[in-house]
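In what follows, a structure is listed as structure tokens, so that the remarks can point back to it.
The values are calculated or read from the model by the stated rules, or taken from the named source; none is laboratory data. From a predicted model like this one, the values you see are computed outputs, not experimental measurements. Virtual Cβ from ideal backbone geometry, glycine too; neighbours counted across all protein chains shown.
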Amino acid sequence: MELAVAAYEVAAMLPKHEIYALADQIRRSAISIPSNIAEGYGRSSTRDYVRFLSIARGSRYELETQLLLCVKLGYIGQQDISTAVQLGTEVGKMLNRMISRLEE
């Protein structure tokens with residue numbers, strides 16, 4: 001959830017003309033991560049849980065790509081995304097560990 005908050009903060013920095021494009025995609029990716037973790041946890045099988053964790057992991061990569069694109073487009077600086085990228089890396093590691101353990 002902290003990652004989603006950090007991503008929302010980045011999205012708020014983007015130019016107005018990106019509010020319905022890149023900013024919206026950032027918000028959607030960010031929301032998808034904890035939402036898929038929660039939905040998977042609420043499912044009745046480990047197999048479903050792993051599938052939703054994998055979707056969350058994909059959304060994490062999608063979010064990171066969008067954040068890096070914001071920098072490459074010159075909308076914000078690298079320092080503006082550093083917290084979100086760092087949190088994303090931590091979330092990615094946690095998701096990888098959870099998926100690995102559940103698949104054992």
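Among the residues here, Gly92 qualifies as part of a helix (DSSP H, G or I) and either touching a His at 6+ places or on another chain (Cβ under 9 Å) or modelled with pLDDT of 95 or more (or both). Suppose the filter is surrounded by 13 or more Cβ atoms within 10 Å (Cβ to Cβ) and either touching a residue at least 40 places away in the same chain (Cβ under 8 Å) or within 20 Å of Ser100 (Cβ to Cβ) (or both); does Thr83 pass it? Spelling it out, Thr83 is indeed surrounded by 13 or more Cβ atoms within 10 Å (Cβ to Cβ) and either touching a residue at least 40 places away in the same chain (Cβ under 8 Å) or within 20 Å of Ser100 (Cβ to Cβ) (or both). Within segment 1-53, the set of residues being in contact (Cβ under 8 Å) with a residue 24 or more places away in the chain and small (Gly, Ala, Ser) comprises Ala4, Ala6, Ala7, Ser29, Ala30, Ser32. Taking the conditions (1) surrounded by fewer than 16 Cβ atoms within 10 Å (Cβ to Cβ); (2) over 12 Å from the mean Cα position of the chain (by Cα); (3) under 19 Å from Leu102 (Cβ atoms) in turn, Phe52 satisfies each one other than (1). Just so you know, in segment 86-104 the residues that are over 17 Å from Ser32 (Cα atoms) and polar (S, T, N, Q) include one that is surrounded by the fewest Cβ atoms within 10 Å (Cβ to Cβ), and it is Ser100. Is it the case that Ala38 is under 16 Å from Val5 (Cα atoms), more than 9 Å from the chain's Cα centre (by Cα) and either among the aliphatic types (A, V, I, L, M) or not in a helix (DSSP H, G or I) (or both)? So Ala38 does not fit the description; no. Residues in segment 55-70 that are surrounded by fewer than 16 Cβ atoms within 10 Å (Cβ to Cβ) and within 21 Å of Lys16 (Cα to Cα): Thr65, Leu68, Leu69.
The residues in segment 86-104 that are closer than 19 Å to Asp24 by Cα and free of Cβ contacts under 8 Å to residues at least 24 places away in the same chain can be counted, and the count is 0.
Quick check: is even one residue across segment 6-16 farther than 16 Å from Ser82 by Cα and in a helix (DSSP H, G or I)? Checked against the condition, which is being farther than 16 Å from Ser82 by Cα and in a helix (DSSP H, G or I), segment 6-16 yields at least one hit.
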